[in-house]
Amino acid sequence: MKKQINEAVNSGFSERCEKRGLRITPQRSIIYEELMKSADHPTADALYRRVRKRLANISFDTVFRTLMTFSENGIVNVVEGYGEMKRFEPDMENHHHARCVKCHKIIDFKNEAYDSIVVPQELQQRFKVLNKRVVLEGICEDCAKK
Ligand SMILES: [Zn+2]
Ligand SMILES: [Zn+2]
């Protein structure tokens, strides 16, 4: 499993960096790898704490700036924040989000019907869609038990 993740990182990451003319540094690779391993859509701060375990001298600022560079180049996605702190995830295949309104957990899920959602004509004329994602809001299992 671990090996698979590393391979996925290496293939997709380096290709996309190359395409965008982004230099691949060990620092950037580690930041991306840690994000790939994080299924929880971490904030920059949470990711910084994970990266620091491998790169003791890295600053929060560097991690944040790297994430923003990645997101400007389509290598990671900034996940909808609703006024909370920005959260990040690696750019994976098309998937959708179920978001808990209580604990703000975001659960990834796949659904083919959602993938092929059609943008209403009326909106197409005044809005250029770059990315389509369905976000379901609700209460997660853990919060429902409380
Ligand atoms: Zn919850
Ligand atoms: Zn996601």
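Every number in this text was worked out from the coordinates using simple rules, so none of it is lab data. Bear in mind the structure is a predicted one, so any value in this text is a computation, not a measurement. With ideal geometry, Cβ positions are generated from the backbone for all residues, glycine too; neighbour counts draw on all protein chains shown.
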- prompt: Hey, quick one: spin label on residue 141, modelled 7 Å out along Cα-Cβ, who in region 65-104 has an amide N within reach, i.e. under 20 Å?
  reply: 96-104
statement: Within the set 26, 90, 42, GNM on the chain using Cα springs under 10 Å gives the largest fluctuation to 26
message: Per DSSP helix of 4 or more residues, -39500 (n - 2.57); summed, then divided by the residues of the chain. What does that give at 222 nm, rounded to the nearest 500?
response: -11000 deg cm²/dmol
field: Stretch gain in nm, segment residue 111-residue 65, where the contour uses 0.36 nm per residue and the Cα spacing is subtracted
entry: 13.3 nm
message: With loop defined by DSSP as not H, G, I, E or B, and exposure as at most 16 other Cβ atoms within 10 Å, which is the longest segment of the chain clear of exposed chymotrypsin sites (Phe, Trp or Tyr not before Pro)?
response: 1-81
task: Quote the charge dipole size of the chain about the Cα centre in Debye, to the nearest 20; the model charges only the Cβ of Lys and Arg (+1) and of Asp and Glu (-1).
output: 480
- request: Mind sorting 41, 96 by how few other Cβ atoms lie within 10 Å of their own Cβ, fewest first?
  value: 96, 41
- line: Taking N as the residue count of region 96-145, its alpha carbon Rg divided by 2.2 N^0.38 Å gives 1.44
task: Among 41, 96, 31, flag the residue with its Cα farthest along the positive direction of the charge dipole of the chain, charges on Cβ as +1 for Lys/Arg and -1 for Asp/Glu.
output: 31
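What ranking do 33-39, 139-145, 116-122 get when scored by the average of other Cβ atoms within 10 Å per residue, highest first? Spell out each step's value before the answer.
Numbers: 33-39: 17.9, 139-145: 11.4, 116-122: 9.1.
Top of the packing list down: 33-39, 139-145, 116-122.
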field: the chain: Cα Rg divided by the 2.2 N^0.38 Å rule of thumb
entry: 1.14
Extension gain (nm, one decimal) between residue 85 and residue 54, 0.36 nm per residue minus Cα-Cα: 8.8 nm
- prompt: At 25 °C and 0.890 mPa s, what whole-number value in µm²/s does Stokes-Einstein give for the translational diffusion of region 70-122, with Rh from the Kirkwood sum over Cα pairs?
  reply: 190
- prompt: If pairing requires two Cys Cβ atoms under 4.7 Å apart, which cysteines of the chain are left without a partner?
  reply: 17, 103, 143
task: Report, to the nearest 10°, how far helix 60-72 tilts away from the longest principal axis of the Cα atoms in the chain, using its own Cα long axis and a range of 0 to 90°.
output: 50
